[in-house]
Amino acid sequence: MPAAAITDPAAAAERTNLLGLARPDLEAFIEQLGGKPFRARQLMNWIYKRGVDSFAGMTDLAKQLRARLDALAEVRAPEILSVRRSADGTRKWLLRADASQAFEMVFIPEPDRGTLCISSQVGCALDCSFCATAQQGFNRNLCTAEIIGQVWLAERELAREARGARSARAGADPGARPEERQVTNVVLMGMGEPLANFRNVVPALSILLDDFGFDLSRRRVTLSTSGLVPQIYRLAEETNVALAVSLHAPDDALRNELVPINRKHPIAELLDACWHYLDEQNGRSVTFEYVMLDGVNDSPAQARSLARLLKGHPAKVNLIPFNPFPGTRYRRSPAHQIQRFRDELIGQGVLATVRRPRGDDIDAACGQLAGRVIDRTTVRLGAKVIGVAVHP
């Protein structure tokens, strides 16, 4: 468990968790403590660049300010309940949300990048029929500190692993930090619908992009939405991160079944919002996620219909082999059918790729998060588990 974690979150309720404050809010907080606004930048450097959670160690801050921070603030990431490792190197952490709830984050290592998939809610209310998280139902939004805390915690845990591995291999100083950051990309594709938690997600995006925060390029931060159209328009006014949309069907009749929010915001309305987002933010393209369900949405005719929707627009289709979970009625499309669908799209002039499943042996692949979260949480938290809404 990291030093910043607290077993009973209520014990720290009166302190301000600095992981939840974007720079303008942190500057205002520092001024309330009697410090100058520029101290916020120094503080962010300690927290995000050096991974420090103890104010006593922030030696370029005035002693009086450090004392006030120690009394009134904290740097507290979520508590780790368990870690699972896949044969392909993927890691999945189960994190405590509070006394009765938990959520997950996943790290996917690749030779040229390290992608962290983070959650924005405990559960999800959108009820997509092919997603394990939807089977859990909706519990609550994560606060900004819990969203950012996932990235902070992952970097800290991965750095600790790297130090240990280097030390074991070469007798290196175990206190030395790795030279390269392991989390190079962050995707809001974990549990929950990010745009349904707009108030907490937008400040988190600001911290991810801030030069004094995680300093990630906007192209390395991706927000995925099932299609909350008004919030896409609002997002265009707030940030310029990459946008991904869970489309999954080429027509409203099928999408109404797979992604029920489509009944409120149909495909034509959703696409208009996507093109507006690109125009406002000078984006390169929108990625449309399309889970491949055997006999449901994977025919060549459906590929051609999808191509007609997107052709001529800056769009990319990411075909996702369905990852099964207990109780689902869907099956993964055969590999040859996925390839045929991809070839049909490319032949129609639409860029398309096939996502390689990662972490499916630990239920960490796309659509699998939370499939067994409630069961594991019940076991680990015992009698403290109360009030968890589970909708089969």
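Taken together, the values in this text are just the output of simple stated rules run on the coordinates, not laboratory data. What you see is a predicted model; the values in this text were computed from it and never measured. Because the Cβ atoms are built from the backbone with ideal geometry, glycine has one as well, and the counts that use them run over all protein chains shown.
Side notes on the structure shown:
- GluC sites (Glu not before Pro) within segment 11-93, DSSP loop, no more than 12 other Cβ atoms inside 10 Å: GLU14
- Sorted on the mean count of surrounding Cβ atoms within 10 Å across their residues, most packed first, peptides 218-231, 195-208 read 195-208, 218-231.
- One Cα centroid belongs to segment 73-119, the other to segment 125-169; the line between them spans 3 Å.
- Segment 17-74: C-alpha gyration tensor shape, a/c 1.5 cut-off, then a/b vs b/c: rounded
- Overall form of segment 177-321 per C-alpha gyration tensor (a/c, 1.5; a/b vs b/c): prolate
- Compactness of segment 80-384 is given as radius of gyration and Dmax, 19.3, 61 Å, from Cα positions.
- Peptides ranked, highest mean first, by Cβ atoms within 10 Å: ranges 303-309, 334-340: 303-309, 334-340
- With the simple model of a label 7 Å out from the Cα in the direction of the Cβ, ASN256 to TYR233 spans 2.3 nm.
- Sorting the segments 141-154, 96-109 by their residues' average number of neighbouring beta-carbon atoms within 10 angstrom, most packed first, yields 141-154, 96-109.
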